[in-house]
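Working notes for the structure below.
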Amino acid sequence: MFYRSFCAAVNGLSAQIIKAEADVTDGLPAFHMVGYLGSEVKEAAERVRSAIKNTGYRFPAKRITVNLSPADIRKEGTAFDISVAMALMASFGYIKGNMFEKIIFIGELSLDGHINRVPGVLAMVKEAKKQGFEYCIVPKDNVKEASLADERGVIGVDLLADVVKIVMSDDYGKYTAEPVLWQAGKKSGCGDKDFSDIYGQGLLKRAAQIAVSGRHNMLIIGPPGVGKTMIAERIPGIMPPMTKEESIETSVISSICGEYDKLNDYIYERPVRTPHYSISKTGLIGGGHIPKPGEITRAHRGVLFLDELTEFNRGVLELLREPLENKKIVHTRMNRSVTYPCDFMLIAAMNPCPCGYYPNISKCRCTPDNIRKYLGKISHAFLDRIDIIIEAEAVEYEDIGNEADPENKGESSEIIQKRVADAEKMQKRRYKGEDIKNNAGLNAGQIKKWCGIGDEEREFLKNVYEEWELSARSYYKILKVARTIADFEQKENISLSHIQEAVFYRSAERKLWQKGGNIIWN
Ligand SMILES: [Zn+2]
């Protein structure tokens with residue numbers, strides 16, 4: 001007898017429908033699985049055989065062939081188990097297979113017939129629904145996640161026996177789960193982390209808000225303990241709330257990465273990823289033997305925070321340049337390519353010198369050569385991807401001393417979030433017919449079109465350009481950031497003060513990295 005059932009395989013952030021065909025004939029008893037299978041898929045034969053037996057059915061001594069098609073897709077993982085078991089049990093004559101064309105089966109079998117959760121279920125269910133499948137049978141632990149995209153017809157199962165019972169019944173509807181509903185306007189933030197927790201640091205807080213408003217990448221330079229991490233962790237909380245589509249995107253990524261604990265509801269908070277400097281290339285940008293998303297994709301729609309930037313392997317950092325430009329990464333392996341999105345905001349932080357205290361020359365113990373070597377770990381090409389560089393100073397005693405005074409508490413993330421959202425609205429309106437959403441994405445032509453300035457501003461910039469020997473790239477960066485500062489203040493025109501502030505956000509680069517920049521030491 002021959003039967004087929006359907007399952008799915010994850011491919012990038014989407015999925016592809018896979019057919020499991022079972023052919024059972026008389027002949028020398030054997031169980032073959034074919035169809036370009038990874039090792040876990042080959043082992044499905046043993047799991048399926050034991051699970052069927054332990055569910056109370058005899059496993060007949062016949063010649064069995066299972067083919068997973070299409071054959072040109074490499075199948076990895078254990079999500080095909082239930083589908084294979086269903087095609088087999090129908091071929092054995094134990095169950096009816098008349099509904100198989102309408103159902104997708106996803107889940108891993110234990111030897112005792114239990115069904116285990118698998119990664120990537122949300123992507124698979126979305127694709128199955130798009131292709132017109134009516135019902136999605138998934139592991140019970142994946143039900144919430146599968147129901148996220150407003151999908152109906154999701155059925156959770158715990159045991160192979162449950163699947164048999166459902167397939168044999170004529171009323172699938174009574175088993176289906178309720179879809180999880182999106183709550184529009186739900187407060188988004190960073191858990192209990194709020195901007196008002198940070199005392200002092202006015203310049204740094206302002207720079208962070210400007211950076212977020214135009215989605216500019218930012219580098220914070222400062223001694224240990226000035227709150228670089230505190231700021232970075234709170235940035236997702238001042239970004240505008242995620243849309244439902246963005247939330248589903250981040251859920252699909254979490255699903256593929258197997259972060260099940262995040263998937264009991266929609267994700268309302270933007271991600272912030274803080275990889276350690278010892279991270280590998282694959283860990284950071286993704287890929288590998290079985291392609292997986294890296295930290296840059298897990299930070300999609302949120303923040304990637306690289307603390308102690310100079311400690312990262314330089315080769316690893318250089319890999320960020322392309323994804324920072326394209327907002328996506330393509331991994332190619334053995335004729336197969338997988339694309340992951342990675343539209344994140346980069347926040348990097350570093351000490352100004354090995355000891356951390358330069359330019360405070362009463363505390364810094366480093367030699368000029370030490371400092372130069374240390375700063376040299378960051379390439380100019382990498383700095384080119386950063387629009388805002390800000391030096392953070394040690395918090396003043398008065399700021400700490402006033403901690404108990406509620407009057408001294410800074411603005412809350414909620415208030416800042418609204419201001420950032422207003423700045424974003426201005427950009428959205430302006431770039432309606434353009435291929436960009438925010439000022440960080442402006443190219444040279446668009447800068448000329450949208451960042452016009454008056455004579456006074458032009459004169460000031462010309463002087464800076466000549467005196468600082470700016471590159472054209474830096475010049476454009478200043479204009480882009482000035483555009484954002486104007487938007488942040490809800491001004492249509494860029495004025496001198498906006499230009500001056502934008503120039504200030506490049507001054508640290510000149511001081512520390514430019515040839516003419518003079519490191520002062522004792
Ligand atoms: Zn030092």
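The values are calculated or read from the model by the stated rules, or taken from the named source; none is laboratory data. Everything numeric in this text was worked out from a predicted model, so none of it was measured. Ideal geometry is used to build each Cβ from the backbone, glycine not excepted, and the neighbour counts take in all protein chains shown. The protein model used for the area step is the full one, side chains on, heavy atoms only, and it has no ligands, DNA or RNA in it. Shrake-Rupley method; radii C 1.70, N 1.55, O 1.52, S 1.80 Å.
Taking the stretch 137-220 and the helices (runs of 4 or more DSSP H) fully enclosed by it, the elements with 2 or more residues that are open to solvent by less than 50 Å² (accessible area, probe 1.4 Å) and within 30 Å of Asn54 (Cα to Cα) are at 143-146, 160-168. Looking at Leu319, is it touching a strand residue (DSSP E or B) at 6+ places or on another chain (Cβ under 7 Å) and surrounded by 14 or more Cβ atoms within 10 Å (Cβ to Cβ)? Judged against the criteria, Leu319 is not a match.
In the stretch 279-297, the residues that are in contact (Cβ under 8 Å) with a residue 60 or more places away in the chain reach residues that are charged (D, E, K, R) with C-beta atoms within less than 6 angstrom, at least six apart or across chains, in these pairs: Ile290/Glu76. Here's a check for you: in the stretch 358-372, which residue that is open to solvent by less than 70 Å² (accessible area, probe 1.4 Å) and hydrophobic (A, V, I, L, M, F, W, C) is farthest from the ligand (Cβ to nearest atom)? Among those that are open to solvent by less than 70 Å² (accessible area, probe 1.4 Å) and hydrophobic (A, V, I, L, M, F, W, C), it is Ile371. Among the criteria (1) outside any loop (DSSP other than H, G, I, E, B); (2) closer than 27 Å to Leu204 by Cα; (3) more than 14 Å from the chain's Cα centre (by Cα), the one Asp261 does not fulfil is (2). From the residues in the stretch 332-343 that are touching a helix residue (DSSP H, G or I) at 6+ places or on another chain (Cβ under 9 Å) and open to solvent by less than 10 Å² (accessible area, probe 1.4 Å), which one is farthest from the ligand (Cβ to nearest atom)? Once the filter is applied, the top-ranked residue is Tyr340. Take Glu459 and decide whether it is among the acidic types (Asp, Glu), open to solvent by 50 Å² or more (accessible area, probe 1.4 Å), assigned by TED's automatic domain parsing to the domain that holds Cys353 and part of a loop (DSSP other than H, G, I, E, B). The answer is no for Glu459. Scanning the stretch 186-233 for residues that are within 25 Å of Lys437 (Cβ to Cβ) and touching a residue at least 12 places away in the same chain (Cβ under 8 Å) yields a total of 24.
Of everything in the stretch 26-58, what is at pLDDT below 95 and of a type in the set (Ser, Thr, Tyr)? Give them in sequence order. Once the filter is applied, which keeps residues that are at pLDDT below 95 and of a type in the set (Ser, Thr, Tyr), the stretch 26-58 yields Tyr36, Ser39. Taken as a whole, the structure places Gly410 among residues that are modelled with pLDDT under 95, part of a loop (DSSP other than H, G, I, E, B) and crowded, with 17+ Cβ neighbours inside 10 Å. Kindly establish whether Asn351 is in contact (Cβ under 8 Å) with a residue 12 or more places away in the chain, open to solvent by less than 60 Å² (accessible area, probe 1.4 Å) and within 16 Å of the ligand (Cβ to nearest atom). Taking the combined requirement at face value, the residue satisfies it. Among the conditions (1) at negative phi; (2) open to solvent by 50 Å² or more (accessible area, probe 1.4 Å); (3) not in a helix (DSSP H, G or I); (4) not polar (S, T, N, Q), Pro60 misses just one, which is (2).
Here's the yes/no breakdown for (1) over 22 Å from Glu391 (Cβ atoms); (2) without any contact (Cβ under 8 Å) to a residue 60 or more places away in the chain; (3) of a type in the set (Lys, Arg); (4) surrounded by 13 or more Cβ atoms within 10 Å (Cβ to Cβ):
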{"position": "Gln446", "(1), (2), (3), (4)": "yes, yes, no, yes"}
{"position": "Asp455", "(1), (2), (3), (4)": "yes, yes, no, no"}
{"position": "Glu466", "(1), (2), (3), (4)": "yes, yes, no, no"}
{"position": "Tyr505", "(1), (2), (3), (4)": "no, no, no, yes"}
{"position": "Ala508", "(1), (2), (3), (4)": "no, no, no, yes"}
{"position": "Gln514", "(1), (2), (3), (4)": "no, yes, no, yes"}
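When the stretch 298-331 is filtered for residues that are of a type in the set (Val, Ile, Thr), within 30 Å of Asp369 (Cβ to Cβ) and away from the ligand (no atom under 16 Å from the Cβ), only Val316 remains.
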